Amino acid sequence: WKFFCNLMDAGRIDICGEESFGAGSSHLREKDGIWVALAWLSIMAHHKKSVKDIVEDHWKKFGRHYYTRHDYENLTSNEGDAVMAELEIFIKLELASQNLKVLKHGYFIHEADSFTYYDPIDGSISSRQVLTLHCFTYNKGYRIILSNMDRIIVRLSGTGSCGSTIRIYIEHLEKDETKMMLD
C-alpha cells in the first residue's frame with residue numbers, strides 16, 4: 001500500500017487495491033469500504049449488468065488472473081532465514097547451470113530476482129532487504145518468473161502473529177477463454 005500514496009498524490013493513479021481486498025482512491029489515500037461499494041454500484045448502474053457479467057466481460061478482454069497465497073507461520077527467525085538462504089542457493093545454482101529443470105507442465109525458471117521498487121515520483125528506491133546468516137548475505141524475498149510468465153513470489157515477512165512468516169504468492173494469467181470460467 002505504501003508505494004501507492006506517492007502515485008496518488010501526484011495524480012498518476014486514481015484507484016488502487018491490495019491483497020486483503022482493501023481498495024481506495026485519491027480522495028482519501030486510505031482503504032475505504034464504503035467507497036468501494038459505491039464504486040461497484042456505479043459501475044453496475046452504468047453498464048446495467050451484474051457483477052458476474054462485468055467481471056466475465058473483463059476476463060474475456062484482458063484474461064483471468066488467478067492468485068493464491070500460502071503463509072507458513074510461527075517459524076523461528078533462524079528457521080525462516082535458513083529457508084530463504086536455501087532458496088537463494090537453489091535459484092543461483094539452477095540459473096547458473098543453464099540446465100533448467102522442466103517443471104510439471106513443461107515450464108522452467110525463466111528469471112529470478114529480488115524485487116526493487118523505483119518510485120517515479122520522488123526517485124526513492126526500495127531495494128532488496130537482506131539477512132546475514134553464517135557470514136553470508138541472502139535476500140529476504142524472491143520473484144521467480146517461469147517460462148510462461150507465471151510468477152512465484154517467496155518472501156520472509158515480519159507481519160505474522162509471532163516469529164517469522166514465509167509468504168508464497170503464486171500468480172497465473174489465463175487467456176484461454178475455455179479455461180477462464182473454471183473454478
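Readers should treat all values here as calculations from the given coordinates under stated rules, not as data from a laboratory. These figures come from a predicted structure and were not determined experimentally. Using ideal geometry, Cβ is built from the backbone for each residue, glycine included, and neighbour counts are taken over all protein chains shown.
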> Nearest 20 debye, what's the magnitude of the dipole of the range 1-48 about its Cα centre given +1 on Lys and Arg Cβ and -1 on Asp and Glu Cβ?
Replying inline: 100 debye
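Over its Cα atoms, what ratio of radius of gyration to 2.2 N^0.38 Å does the range 1-48 give?
On the way: Rg = 11.4 Å, N = 48, 2.2 N^0.38 = 9.6 Å.
For the range 1-48, the normalised Cα radius of gyration is 1.19.
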>> Please report the net charge: other residues with Cβ closer than 15 Å to the Cβ of THR178, K and R +1, D and E -1.
In response: -1
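Going through the cross-link list LYS92/LYS140; LYS2/LYS140; LYS49/LYS175; LYS2/LYS60; LYS61/LYS92; LYS49/LYS179, which pairs have a Cα-Cα distance over 26 Å in this structure? Show your work: numbers first, answer last.
Details: LYS92/LYS140 15 Å; LYS2/LYS140 18 Å; LYS49/LYS175 23 Å; LYS2/LYS60 31 Å; LYS61/LYS92 37 Å; LYS49/LYS179 22 Å.
Listed pairs above 26 Å: LYS2/LYS60; LYS61/LYS92.
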